[in-house]
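Notes to accompany the following structure.
The values are calculated or read from the model by the stated rules, or taken from the named source; none is laboratory data. The structure displayed is predicted, hence computed values, not measured ones. Here the Cβ positions follow ideal geometry from the backbone for every residue, glycine too, while neighbour counts run over all protein chains shown. In case anyone asks, the SASA skips ligands and DNA or RNA and just uses the protein heavy atoms, side chains included. Shrake-Rupley method; radii C 1.70, N 1.55, O 1.52, S 1.80 Å.
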Amino acid sequence: MRPGLSAESAREVRILISACEASSDAHGAEFLRALRDLAPTGYRVRAFGVGGPRLQAAGLHTVVDARELLAMGFTEVLVRLPSILRGFKRLWEAVENEGPDHAVLLDYPDFHLRLARRLHQGGIPATYYIPPKTWVWRSGRIRDLGRLFQQLLCILPFEEKFYLAHGVKAKYVGSPIVDELPFEVSRREARKRLGIVEDGQFVVLVMPGSRPAELSHHLDLVLGAALRLKTALAISGRLEEKGFRIVLPVASTLDFEIVKSKVAVWKGAEPARRGTLEIDVRSDPGDAHLGMRAADLGLIKSGTSTLEAALLGLPHVVFYRTGRVATFVFKKLIRYRGPIALANLAANGPAPDAARMVPEFVAD
């Protein structure tokens, strides 16, 4: 609580929460629900800020919808910069009007470090939940993290030790996704819920990402890979008569109809080959977890979903592709050679020679 609040006004605690991505939206929603459950009797938590559908459902007063801010890579950030700056302006106006007691910022470092500087200047304490991966690149941010935030809340076990060694207060808190995963759902039940009635079907879960730019970079790539897989299985005689199906759950931060139309365009480009693929585009984000239980294989963009897939026992491949400028920076300037998949990082850390539970294909 900030000094000077009366006992009466202190009963309402104002929290700024900013989560700009689908995974952050899920983490932020769990955080907000837990915060309200833990609030002492007589205190009410009022949360406002940036969020997507899950935070909104958890009761966040949304000043800026997360989908307005999503951008990936240098080129898209430049294109979307006016929208990002407008969103920042609206958010800061809300901060000035609300006078939050504390701020909780999740991931999305370029946007949130700028916000944190303004909060620090205004005397508003802040916590960083899912801090930037400074152990990969831009290590100069470590000093800013220690100066601008009261504490970092980390979801990878080795990060706490890393930041403490640099004099930054940090705590490993694990990941709330463990509590959300349908471990009790069997493969047969998951297939039934997804409408897959043929037990012999080979099912591939395709997850191209939660940002529009990720969809542009990855959709053709993974659908093409799935088509080649189907062909290879058919040639080898391993594809049963009941066929081959792709399950494609659409992230809440994407427009479902746009994704459906892009899939239709892809299939129509070579109808003789691509048109034979059965692609089940799903609108319920919860279908991603069911897909992880139901599928034989996953093609999954690097992110939280890779950890979820590992926990649910789905064999999968992790990939990530960006534009040419970002690829050049990653390969020539950053030169990080450690794993990127959360399952690999959680299991064995970021060392270049660390064992990898799942294969990774990055940049190329």
Once the whole set of protein chains is in place, how much accessible area is left on residue 186, using a 1.4 Å probe, in Å² to the nearest 10?
-> 60 Å²
Collect residues whose amide H, placed 1.01 Å from N in the peptide plane, falls under 5 Å from the amide H of residue 281; neighbours closer than 5 in sequence don't count.
-> 248
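Nearest 500 deg cm²/dmol is fine: what mean residue ellipticity at 222 nm does the chain get from its DSSP H runs of n ≥ 4 alone, each adding -39,500 (n - 2.57), divided by its residue count? Walk me through the intermediate numbers first.
Values: 14 runs with 156 residues, N = 364.
Mean residue ellipticity, 222 nm, calculated: -13000 deg cm²/dmol.
Explain nothing, just the number: relative contact order of the chain, from Cα pairs under 8 Å at least 6 residues apart, as a whole percent. Before the final figure, lay out the partial values.
Working: 595 pairs, mean separation 49.6, N = 364.
Once divided by the residue count of the chain, the mean separation gives 14 percent.
Just the number, please: carbon plus sulfur as a percent of the accessible area of the chain, 1.4 Å probe, no ligands or DNA/RNA counted.
Details: 9270 of 17310 Å².
About 54 percent, which is the carbon plus sulfur part of the accessible surface.
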Segment residue 34-residue 234, length gained on full extension (0.36 nm per residue, minus Cα span) | 67.1 nm
Output ordering of 343-355, 307-319 (per-residue mean of other Cβ within 10 Å, highest first) is 307-319, 343-355
List every residue whose amide H lies under 5 Å from the amide H of residue 151, counting only residues 5 or more places away in sequence or on a different chain, with H placed 1.01 Å from N in the peptide plane.
-> 128
Everything considered on the Cα gyration tensor (a ≥ b ≥ c; rounded for a/c under 1.5, else prolate if a/b is larger than b/c, else oblate), the range 169-261 must be described as oblate
Scalar couplings 3J(HN,Hα) for the range 287-300 by Karplus 6.51 cos²θ - 1.76 cosθ + 1.60 (θ = phi - 60°), nearest whole Hz, x for Gly and Pro, are 5, 4, 5, 4, x, 5, 7, 8, 7, 8, 7, x, 10, 10
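Please give the peptides 174-180, 284-290 ranked by average Cβ packing (other Cβ atoms within 10 Å per residue), highest first, as a rough proxy for protection.
Numbers: 174-180: 14.4, 284-290: 19.1.
Descending mean neighbour count gives 284-290, 174-180.
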Picking from 197, 259, 63, which is most flexible by a Gaussian network model of the chain using Cα springs under 10 Å?
-> 197
Which of these, 227, 152, 113, has the largest mean-square fluctuation under a Gaussian network model of the chain (Cα springs below 10 Å)?
-> 227
Tell me, what HN-Hα J-couplings in whole Hz come from the Karplus equation 6.51 cos²θ - 1.76 cosθ + 1.60 at θ = phi - 60° for each residue of the range 178-185, using x for Gly and Pro?
-> 4, 7, 9, 6, x, 4, 6, 7
Amide H neighbours of residue 209 under 5 Å, at least 5 residues apart or on other chains, H built in the peptide plane: list them.
-> 301
Would you mind checking the pairs 89/169; 89/301; 133/169 and listing those with alpha carbons more than 26 angstrom apart?
-> 89/169; 89/301
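At 1.4 Å probe size, with every protein chain present, just tell me what the per residue accessible area of the range 239-314 comes to in Å². Walk me through the intermediate numbers first.
Details: 3150 Å² over 76 residues.
Per-residue value: 41 Å².
Keeping all protein chains in place, calculate the accessible area per residue for the range 146-208 (probe 1.4 angstrom), answer in Å².
That works out to 52 Å² for each residue.
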